[in-house]
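Since the structure comes first, as structure tokens, the remarks are kept for the end.
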Amino acid sequence: MIAVLTVLLAVEVGSRAIGSWLSQDVRNIRTIPRVALELSNSREYKVLFLGNSLTRVGVDESVVSAEFAKRGRKARVARVYLDDTTINTWQYVFRQHFAKECRPDLLVVGFVDRQLEDLPADYRRLGGIAVNLRMLWEMSTVDAKDLDRRVELVLGYTFFSFSNAERVRHRVLDALVPGYRIISRTLNESAVRHRNSSVTGKSYFHLLRLMNAARENHVEVVLAAMPLPAQYSLEPELNSIIAAGEATLIDARKVEGLRPQMFFDGFHLDRKGAALFSRDLCRLLTTSAAWKHGS
Amino acid sequence: MLFSSYTFWLFFVFVAILYRLLPFRAQNAMLLGASYIFYSHWDWRYASLILFSTVLAYAASHSIVRQASATRRRAVLTASVATHLALLGVFKYYGFFSGELARLLTVVGVPASLPILDVVLPVGISFYTFQTMGYTIDVYRRVTQPARNFLDLALFVSFFPLLLAGPIERSSHLLPQIENPRQLKPEAFAEGLHEIVFGLLKKVAIADNLAPIANAVFASANPTGPETIVGVYAFAFQIYGDFSGYSSIARGVALWIGFDVTQNFKMPYLATSPAEFWSRWHISLSTWLRDYLFLPLSFWFSRRLDGVQWLGLRDDFWIYGVATWITMLLAGLWHGANWTFLVWGAFHGSLLIVYRLPGLGRRRRVAARAAASMIQRVMMFHLVCFGWLLFRAGSVSRAFSMSGSVLQSVNATALAVSGAAMIAFYAGPVMVYEAWLDRQRATRGVAQRHPGIRVLSYAYCVLMLWFFPPLAGNEFIYFRF
């Protein structure tokens, strides 16, 4: 028993030590406090792009900065992205790091499909992004409705290896299983469908929390629907929910010149596609009400 | 409360602590209360069915021993068994049989509108009704005395480690442990730990991780041949991991509170024949069917087929064949109300009969050498896998169209290749470990004697559970039965 616990401890210490080296996403997450500090120290118009890997790959920071400058406003642009996350995680990240002293002037949340809905979370990873016990308590009482989920939150908060287990899983299986990346998408989608099948009605509780936190701290919010090769629909109620939260919805699903081949894996944009999308997004942003409010 | 949930283990910690603090009689009362709480966590309304089953068994068993004549004894037994079967029939089979009857009547031109009974199948009903029926039959046969204390019988019926998916315990094995003070053996903790850790590994790391592969293949409209093979293999290890994992955890939990329950699986995929497979797979059900169905049927047929010879085969073959076929058909039906389960049962019954043909037995004894034995194991595993195709496919026609694809389409798609590799990754090490244990002709004993092996095996289990949780947890397959 002691030997097994020792092995587990060694794995935990080792994964904390080499986590950033092994995973770009872990590196990105660990830089969030630094991004927040740099943003707060800037005197320019501060724009924060928040999302998942679609934002990481699809929003080209240099293109965005240049486009903003061309349209008459020098902006300090920052991106925060956590792979494989949705609104649930984004609102915690925003509220933990960017809601008060480090708040941006404009928050742009990039999403696709149902990512603004309240969907079942990965509680291991959610626990891992909590920075303090207060946030963990909030997650336990607001998100985790049963004991099993609370235990996963606490274990994710306590053990880095536990909260990042899925990364290890993907790495190992990618190395050992031929064609794993192709098949994992199919299996993931099946698992997500199975998980989401327990969701009986649509709700937007976390989106509302994000918008409320932004409003309280005088941050303009834009929710930008990003492009995918396969068309997805926007829920009709989203418009009214976003408007009620005093935020702006931008539909950037159709970008002129964007072709299906520019999505290199069927989801993420290549550099050319990212440049096209980033320019179009800036065009839409700078003509939006949120941008004008910030003037 | 699934065994793989934290909620269950918190529940069990409380139960185990209380158990240690209480005297014997209070232990039983506490375990009874805990068992009903455990079941009620799923659905409290159906806890009354367990109580009904218990009251019926208690009344019947005491009535049986009081009856003077054999006819009256038999009548009480028949009434008790019939009531239990009616309970099963209503909750499990009414929908299927009424639907098939309505369909048949429509075909022959008699329109029928039978009442629909929309009820949820109570979890565990197939297990505890069989356990209770077994108790009543044992009292009738004078194998066991009726339970002296109603609460003891209630605990026998509802004992929480076994309640949802077995093993189906015999009254002669479990009831004495309930009725008499128990001593916690020194080796019980280590043995229980081995059962629990490996049970969790089989359920969480193997079964739940292979389920998406099987689901993807069986949900596909036109799987290719290799995909079908991989899907069936994935299901074979999913159902094994799921059910044997559950049984292992149940055994480990029972050991930790001083009970020894039946081992339900003994590396069934290493079997060389159908008879051996059924001596290794779901042992508690197969022995129950043998003792309460197959043997009585064989005896009944032996009195009617005595001396009969047909097609050059003697009466004992035909007695065995008919009794086996009926038993396995009912074994299939026990698993669920669908034609696929009946066909699966018929398939296994046919296998048992074919292997019993004169000449085949001699060949088996001769081919005891390692290589021939390996060939037989591989062959038996694939015969079992064909059975799993029937079991999982959803319909008989679908099963046959999928099996046809194995011969027609040889396209090794990404799903087939990746699926095969994932099966090897998740199930391979445990299968190798179990094969090694089988060669040692031992189970946990060997693992406990070699500290290095123990540490390595536990470390492997813990790391797999830590780093390879399933994408989405699945309920235990046998809960649906």
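Structure values in brief
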quantity	calculated
Heavy atoms of residue A:142: accessible area, 1.4 Å probe, square angstrom to 10	40
Gyration tensor verdict on region A:57-190 (Cα atoms; rounded if a/c is under 1.5, prolate if a/b is larger than b/c, oblate otherwise)	oblate
Separation of alpha-carbon centers, region A:97-136 and region B:243-310, rounded to whole Å	53
Accessible solvent surface per residue of region B:29-140, calculated while the other protein chains remain in place, 1.4 angstrom probe, Å²	48
Solvent-accessible area buried by pairing B with A, both sides, nearest 100 square angstrom, 1.4 angstrom probe	2900
Pairwise centroid distance, computed over Cα atoms, of region B:126-157 with region A:218-236, Å	63
DSSP beta bridge pairing in the protein assembly as shown, given as percent antiparallel to the nearest 5	10
Net lengthening on full extension, residue B:149/residue B:378 (0.36 nm per residue, minus Cα-Cα)	77.5 nm
Alpha-carbon centroids, region B:198-237 and region B:382-412: separation in whole Å	13
Modelled FRET efficiency - R0 22 Å, residue A:74 with residue A:270, Cβ distances, 0.05 increments	0.20
Rg followed by Dmax, in Å, when region B:170-297 is reduced to its Cα trace	17.9, 58
Taking all pairs of distinct alpha-carbon atoms in the protein assembly as shown, Kirkwood radius in angstrom	29.9
Helix A:147-158 axis, angle to chain A major axis (alpha carbon atoms, nearest 10°)	80
DSSP bridge orientation in chain A - percent antiparallel, rounded to nearest 5	5
Accessible surface of the protein assembly as shown, 1.4 Å probe, proportion on carbon and sulfur as whole %	62
Angle in degrees between helix A:271-286 and the longest Cα principal axis of chain A, rounded to the nearest 10	60
Probe 1.4 Å - accessible area at residue B:14, Å² to nearest ten	130
Charge-dipole axis of region A:113-241 as Lys and Arg at +1 and Asp and Glu at -1 on Cβ define it, positive-most pick from A:128, A:115, A:224	A:128
Chain A - mean residue ellipticity at 222 nm from DSSP helices (-39,500 (n - 2.57) per run, n ≥ 4, rounded to 500)	-16500 deg cm²/dmol
Percent of Cα pairs exceeding the 17 Å cut-off, where the set is region B:1-86	62
Rounded FRET efficiency, nearest 0.05, which uses the C-beta distance separating residue B:93 from residue B:55 and R0 of 22 Å	0.45
Protein-only accessible surface order, largest first, of B:269, B:135, B:460 at 1.4 Å	B:460, B:269, B:135
Fraction of alpha-carbon pairs over 15 Å apart in region A:30-80 - percent	47
Spin-label pair residue A:20/residue A:202, simplified geometry with 7 Å Cα→Cβ offset, distance in nm	4.1
Inter-site label distance for residue B:316 and residue B:300 at 7 Å from Cα along Cβ, in nm	2.3
Estimated FRET transfer efficiency (residue B:357, residue B:78; beta-carbon r; R0 41 Å; 0.05)	0.70
Helical mean residue ellipticity (222 nm; -39500 (n - 2.57) per DSSP H run of 4+; nearest 500) of chain B	-23000 deg cm²/dmol
Exposure ranking of A:287, B:144 by accessible area [1.4 Å probe, largest first]	A:287, B:144
Dipole axis of chain B (+1 Lys, Arg; -1 Asp, Glu on Cβ), positive-most option in B:296, B:10, B:334	B:296
Within region A:47-108, percent of DSSP bridges classed antiparallel, to nearest 5	0
Proximal aspartates and glutamates to residue B:266, defined as alpha-carbon separation beneath 13 angstrom and excluding residues fewer than eight positions away on the same chain	B:195, B:276, B:434, B:438
Dipole magnitude of the protein assembly as shown, debye to nearest 20 (Cβ charges: Lys/Arg +1, Asp/Glu -1, about Cα centre)	1260
Surface accessible to a 1.4 Å probe, residue B:458 within the full protein complex, Å²	30
Entries of A:74/A:202; A:202/A:254; A:46/A:272; A:202/A:272; A:100/A:254; A:145/A:292 with Cα pairs more than 30 Å apart	A:74/A:202; A:202/A:272; A:100/A:254; A:145/A:292
Radius, Kirkwood style, for chain B when every pair of distinct Cα atoms is counted (Å)	24.1
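The values are calculated or read from the model by the stated rules, or taken from the named source; none is laboratory data. The structure presented is a predicted model; accordingly, all values stated were derived computationally and were not measured. Cβ: placed from backbone, ideal geometry, glycine included. Neighbour counts: every protein chain shown. What goes into the accessible areas is simple: the full protein's heavy atoms, side chains included, and nothing from ligands, DNA or RNA. Shrake-Rupley method; radii C 1.70, N 1.55, O 1.52, S 1.80 Å.
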